[in-house]
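The block underneath contains the structure these notes are about, expressed in structure tokens.
The values are calculated or read from the model by the stated rules, or taken from the named source; none is laboratory data. Nothing here was measured: the structure is a model prediction, and the numbers come from that model. Cβ placement follows ideal geometry from the backbone for every residue including glycine, while neighbour counts extend to all protein chains displayed. Side chains included, ligands, DNA and RNA excluded: accessible areas come from the protein's heavy atoms. Shrake-Rupley method; radii C 1.70, N 1.55, O 1.52, S 1.80 Å.
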Amino acid sequence: MLIFLDESGDCGMKDRQGSSKYFVVTTVLFEENDAASACDIHIGEMRAALRLHEDYEFHFNRCSDFIREQFLKGVIDQDFFYSAVVLNKAKLWGEGFKDKNSFYKYTTRLVFENIKEHLHRATVVIDRCGERRFRDSIGSYLRRKINDGNSVLIKKVKMEPSHSNNLLQLVDMVSGAIFRSFRHDKKNRRFFRKIISSRELRVQVWPR
């Protein structure tokens, strides 16, 4: 099993200028490695079909609406599912949420708690970004919090650069579509998430 993880928004709290109202952490799940490989190849083929440079990175915030639509429509027949947690920062309280590492870890834990029933010896792939000590600690944190006794739900957590990983770009596009659906200032805010709704396991908004 392969799981790809990404986030949208920022970890800043609501009273910080420029901070987003929501913070989204998203997982894309492939139960079989062959399905992940097939999707990887398919995204490469879509890039060529759209006449984009072979090094072009699909990144929701940087793509045009046309590319967003074509990408999401192009992947809905692939064998994956996604789940996300949307933190409503206006309703958060507690000192722990003021530390961005604690904030991120807590949200990530919620996402994996929600998909526990689907996990079995999963390899989790995260975009290689941020401070190294934090990157190194997130793997042990998730295994400690999610693995249940003798049952290995998360086997490995590794970091890879998103610019060379099509499936990290997939979770970026999915996470961006979810985040956009909470942007009340966008007229088409529900459009992109609706395209991939058939692949949705759960999107939890917390706190309500």
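Points to keep in mind about this one:
- Looking only at the range 60-105, residues that are open to solvent by 50 Å² or more (accessible area, probe 1.4 Å) and either closer than 23 Å to residue 167 by Cβ or under 19 Å from the mean Cα position of the chain (by Cα) (or both) come to 13 in all.
- Breaking point among (1) part of a strand (DSSP E or B); (2) within 15 Å of residue 5 (Cβ to Cβ); (3) out of contact with any Lys or Arg (no Cβ under 8 Å at 6 or more places or on another chain), for residue 167: (1)
- Residue selected from the range 155-208 under the condition within 18 Å of residue 72 (Cα to Cα) and of a type in the set (Asp, Glu), by the criterion surrounded by the fewest Cβ atoms within 10 Å (Cβ to Cβ): 200
- Qualifying residue in the range 134-148 (condition: within 15 Å of the chain's Cα centre (by Cα) and open to solvent by 50 Å² or more (accessible area, probe 1.4 Å)): no
- Identification of helices (runs of 4 or more DSSP H) wholly contained in the range 1-117 with 3 or more residues that are among the hydroxyl-bearing types (Ser, Thr, Tyr) yields 100-114.
- Sub-8 Å Cβ pairs linking a first residue in the range 184-197 that is more than 16 Å from residue 82 (Cβ to Cβ) and without any contact (Cβ under 8 Å) to a residue 40 or more places away in the chain to a second residue that is open to solvent by 50 Å² or more (accessible area, probe 1.4 Å) and assigned to a loop (DSSP other than H, G, I, E, B), at least 6 apart or interchain, are 189/183, ordered by first then second residue.
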